[in-house]
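Let me begin by presenting the structure, written as structure tokens, before commenting on it.
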Amino acid sequence: AQTVTQSQPEMSVQEAETVTLSCTYDTSESDYYLFWYKQPPSRQMILVIRQEAYKQQNATENRFSVNFQKAAKSFSLKISDSQLGDAAMYFCAYKPGTASKLTFGTGTRLQVTL
Amino acid sequence: ETGVTQSPTHLIKTRGQQVTLRCSSQSGHNTVSWYQQALGQGPQFIFQYYREEENGRGNFPPRFSGLQFPNYSSELNVNALELDDSALYLCASSLRFRRQDKEKLFFGSGTQLSVL
């Protein structure tokens, strides 16, 4: 069974600084996708970034980038120039290429301080 | 805003009752998924519907059932409610057309269900 582990229940970063959220996963599949979702107090899950396993290049979306280490089954999220609006729960998620379900980790609560 | 709307936003039921949650997918999306998010946990996959048929199911008992309608709106029905069913229920829609499209899920803001 696929599992997703987020070992940091809470993280804190100062505004304008950089923070890295960790995620590891376990799978025997070769075709899969990895995601980072943000869940603010509004409860809506918002896609932050997506990585396809067959792509070696790390995905980037503006201030958000990932460090995808396929052999180590690690998928960390780096947030640069942190903003107050980045404060939220962040969930790492995994999806096999042919399956319909996302498997989420338990989340990391990110606080952004002045 | 993603265009995925869920109703109601909050609901209180008692143990043993039945509940129906509703989801209106983003325009043009033909696939809908439902997730249960218990307090302090990540969402767990309940099931997915594509073209009005169930297309994958998570580890949930048969008292969790669903429907997808021709206009791609959807319902989640839960019978014989238990205290552990208290959770946030999230609906997500996607377009299952090209490979890259079906990986993009758009979530609603959820229905918070409390079972007393």
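The values are calculated or read from the model by the stated rules, or taken from the named source; none is laboratory data. Everything numeric here is computed off the predicted structure, so don't read it as measured data. Every residue, glycine among them, receives a Cβ derived from its backbone with ideal geometry; neighbour counts consider all protein chains shown.
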Requested in this report: Within segment A:29-45, identify whether any single residue is aliphatic (A, V, I, L, M), in contact with a Leu (Cβ under 7 Å, 6 or more places away or on another chain) and within 29 Å of residue B:57 (Cβ to Cβ), and answer yes or no.
Outcome: yes
Query raised in the report: When you look at residue B:62, is it at pLDDT 95 or above and within 25 Å of residue A:105 (Cβ to Cβ), yes or no?
Result: no
Query raised in the report: For residue A:57, which of the numbered conditions (1) in a loop (DSSP other than H, G, I, E, B); (2) within 14 Å of another protein chain (Cβ to nearest Cβ); (3) free of Cβ contacts under 8 Å to residues at least 60 places away in the same chain fails to hold?
Result: (2)
Query raised in the report: Restricted to segment B:81-105, and to residues that are facing chain A (nearest Cβ under 10 Å) and modelled with pLDDT under 90, which residue is surrounded by the most Cβ atoms within 10 Å (Cβ to Cβ)?
Result: B:105
Query raised in the report: Hey, any hits in segment A:97-109 for a residue that's more than 10 Å from chain B (Cβ to nearest Cβ), touching a strand residue (DSSP E or B) at 6+ places or on another chain (Cβ under 6 Å) and exposed (fewer than 14 other Cβ atoms within 10 Å of the Cβ)?
Result: no
**Report entry** Selected residue (only one of B:76, B:88 is more than 9 Å from the chain's Cα centre (by Cα), closer than 18 Å to residue B:19 by Cβ and either in contact (Cβ under 8 Å) with a residue 12 or more places away in the chain or part of a helix (DSSP H, G or I) (or both))
**Finding:** B:88
Query raised in the report: What number goes with the only condition from (1) within 14 Å of chain B (Cβ to nearest Cβ); (2) surrounded by fewer than 16 Cβ atoms within 10 Å (Cβ to Cβ); (3) within 29 Å of residue B:87 (Cα to Cα) that residue A:26 does not pass?
Result: (1)
Requested in this report: Taking only segment A:86-100 into account, find how many residues are of a type outside the set (S, T, N, Q) and without any contact (Cβ under 8 Å) to a residue 12 or more places away in the chain.
Outcome: 1
Query raised in the report: Looking at segment A:1-23, which of the residues that are modelled with pLDDT under 95 and in a loop (DSSP other than H, G, I, E, B) is surrounded by the fewest Cβ atoms within 10 Å (Cβ to Cβ)?
Result: A:1
Requested in this report: Identify, by number, the condition in (1) touching a Lys or Arg at 6+ places or on another chain (Cβ under 7 Å); (2) within 13 Å of chain A (Cβ to nearest Cβ) that residue B:19 doesn't meet.
Outcome: (2)
Query raised in the report: In segment B:106-116, which residues are of a type outside the set (Gly, Ala, Ser) and either modelled with pLDDT under 95 or assigned to a strand (DSSP E or B) (or both)?
Result: B:106, B:107, B:111, B:112, B:113, B:115
